[in-house]
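Quick one: the structure is below, questions incoming.
The values are calculated or read from the model by the stated rules, or taken from the named source; none is laboratory data. The structure displayed is predicted, hence computed values, not measured ones. As a convention, Cβ positions derive from the backbone with ideal geometry for all residues, glycine included, and neighbour counts pool all protein chains shown.
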Amino acid sequence: MSAVVGEKAPPFTLPAIVPMGEGFEKRDVGLDDVAGSPAVLVFYPADHSPVCTVQLQTYSHDIADFADVGAQVLAISPQDVEEHEGFASEHGLAFPLLADEGKKVGEAYGIPTPETLDAIRLAARLEGMITDPVYEGKSMAALIGLVQSGEIPRDAKVLYVHLGGAPAINAYSGLFR
């Protein structure tokens, strides 16, 4: 399961909290629940993180604008539904928060894996490379995996062509603090 531009989005169903009146209902929510409507999938790393909190509050404030175009917002992060419920209550969030505790859905949609982040840190430390987590980080992780598996000998000379991805770097800066 991997997201590819122009193809059907990878399906998923996750435990969630869904706003209902003054409270929240705990139930499974998936991509099928928004089928036929535009969906805004918001992947964020953690409840209560400063930037994510402001971003989600902004989406909540503008929820009527999403509704005007028929779009539904689903926010997805690794915290459990109990954490989501407290976070959503505290900040008045007006859309479902889904618990991707195993991070499998995020990975399917391109969220950097621990291996990608480790590869980025290693390349920065050893080679002074600045790589983004969306393109170069993943290819660097794959290259390291090939060396670790023996498919590329450890003493081989490898030309790694680093082609860009700079626009994605700032969006992920919080992962490296």
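If VAL105 satisfies every condition in (1) surrounded by 18 or more Cβ atoms within 10 Å (Cβ to Cβ); (2) modelled with pLDDT under 90 but one, which is the exception?
(2)
With the stretch 33-98 as the region, which helices (runs of 4 or more DSSP H) entirely inside it contain at least 3 residues that are surrounded by 15 or more Cβ atoms within 10 Å (Cβ to Cβ) and at negative phi?
Numbers: elements: 50-61, 63-68, 81-91.
Counting at least 3 such residues, we get 50-61, 81-91.
Follow-up question, since we're still on this one. Exactly one of (1) modelled with pLDDT of 95 or more; (2) closer than 21 Å to VAL134 by Cα; (3) charged (D, E, K, R) is unmet by ASP80. Its number?
The number of the failed condition is (2).
Now for a different question. May I ask you to verify whether LEU143 is exposed (fewer than 12 other Cβ atoms within 10 Å of the Cβ), outside the structural domain of ARG27 (by TED's automatic domain parsing), out of contact with any Pro (no Cβ under 9 Å at 6 or more places or on another chain) and part of a helix (DSSP H, G or I)?
No: the conditions fail for LEU143.
Let me ask something additional. For LEU74, only one of the following conditions fails: (1) in contact with a Gly (Cβ under 6 Å, 6 or more places away or on another chain); (2) at pLDDT 95 or above. What is its number?
The number of the failed condition is (1).
Which one is nearest to GLY30 (Cα to Cα) among residues in the stretch 63-77 that are out of contact with any Asp or Glu (no Cβ under 6 Å at 6 or more places or on another chain) and aliphatic (A, V, I, L, M)? Break it down stepwise before answering.
Initial filter on the stretch 63-77 (out of contact with any Asp or Glu (no Cβ under 6 Å at 6 or more places or on another chain)): 63-75, 77.
Then keep just the ones that are aliphatic (A, V, I, L, M); that gives 63-64, 67, 69, 71, 73-75.
Working: ILE63: 19, ALA64: 21, ALA67: 18, VAL69: 20, ALA71: 15, VAL73: 12, LEU74: 9, ALA75: 11 Å.
Result: LEU74.
If you check VAL51, VAL81, VAL73, VAL34, which single one turns out to be in contact (Cβ under 8 Å) with a residue 24 or more places away in the chain and under 23 Å from GLY137 (Cβ atoms)? Please lay out each step first, then the result.
Details: VAL81 fails: under 23 Å from GLY137 (Cβ atoms); VAL73 fails: under 23 Å from GLY137 (Cβ atoms); VAL34 fails: under 23 Å from GLY137 (Cβ atoms).
That would be VAL51, the only listed residue that is in contact (Cβ under 8 Å) with a residue 24 or more places away in the chain and under 23 Å from GLY137 (Cβ atoms).
Could you tell me whether any residue of the stretch 55-71 is touching a strand residue (DSSP E or B) at 6+ places or on another chain (Cβ under 8 Å) and either within 25 Å of ARG177 (Cα to Cα) or modelled with pLDDT under 90 (or both)? Quick ask: steps written out before the conclusion?
Taking the stretch 55-71 first, the residues touching a strand residue (DSSP E or B) at 6+ places or on another chain (Cβ under 8 Å) are 55-56, 59, 63, 66, 71.
From the residues that got through so far, the ones that are either within 25 Å of ARG177 (Cα to Cα) or modelled with pLDDT under 90 (or both) too are 55-56.
Taking every residue of the stretch 55-71 in turn, at least one turns out to be touching a strand residue (DSSP E or B) at 6+ places or on another chain (Cβ under 8 Å) and either within 25 Å of ARG177 (Cα to Cα) or modelled with pLDDT under 90 (or both).
In addition: Count, please, the residues in the stretch 3-32 that happen to be basic (Lys, Arg) and in a loop (DSSP other than H, G, I, E, B). Give the derivation first.
As a first pass, look at the stretch 3-32 and keep what is basic (Lys, Arg): 8, 26-27.
Then drop every residue that is not in a loop (DSSP other than H, G, I, E, B), which leaves 8.
Total meeting the criteria: 1.
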